[in-house]
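Notes to accompany the following structure.
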Amino acid sequence: MSADNWAVCPKCKINGEAEHAKAIEAAETMYGKVSANEYLKLLEKSKQPAKLDDTLREDYEIGILSHGRFYASYGGSCEVCGFSYSFKHEVNTLPKPKIK
């Protein structure tokens, strides 16, 4: 079964941004402590933003069943970092019949 959508995982994005911040800090910390060539390598690495792939698999469904029940279902998961989220909701769309 194929996914309904693939997107950037929010947890992977946060992790990638943290790694990028560490690379910037590493370059700043090593200034004057390593050779110029080594510092330039660290500086170049710190300029590279995190590479983010569409690793969040999203599956969803929405509709109204023939007996009037509305439903919405969503599931998203990432095999890279283990993030997952799911949501389900159902409600009756028809009024209850009045019994006389």
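Only the coordinates and a few stated rules stand behind these numbers; no lab work does. Computed from a predicted model, the values in this text were never measured in an experiment. Here the Cβ is made from the backbone with ideal geometry for all residues, glycine too, and neighbour counts use every protein chain on show.
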Residue count for the stretch 25-64, restricted to those that are among the hydrophobic types (A, V, I, L, M, F, W, C) and within 30 Å of residue 84 (Cβ to Cβ): 5
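Just the residues that are in a loop (DSSP other than H, G, I, E, B) and either touching a Phe, Trp or Tyr at 6+ places or on another chain (Cβ under 6 Å) or surrounded by fewer than 15 Cβ atoms within 10 Å (Cβ to Cβ) (or both), please, taken from the stretch 53-83.
Within the stretch 53-83, 53, 54, 65, 66, 67, 68, 79, 80, 82 meet the criteria.
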Residue satisfying condition, being among the basic types (Lys, Arg) and surrounded by 10 or more Cβ atoms within 10 Å (Cβ to Cβ), within set 45, 98: 45
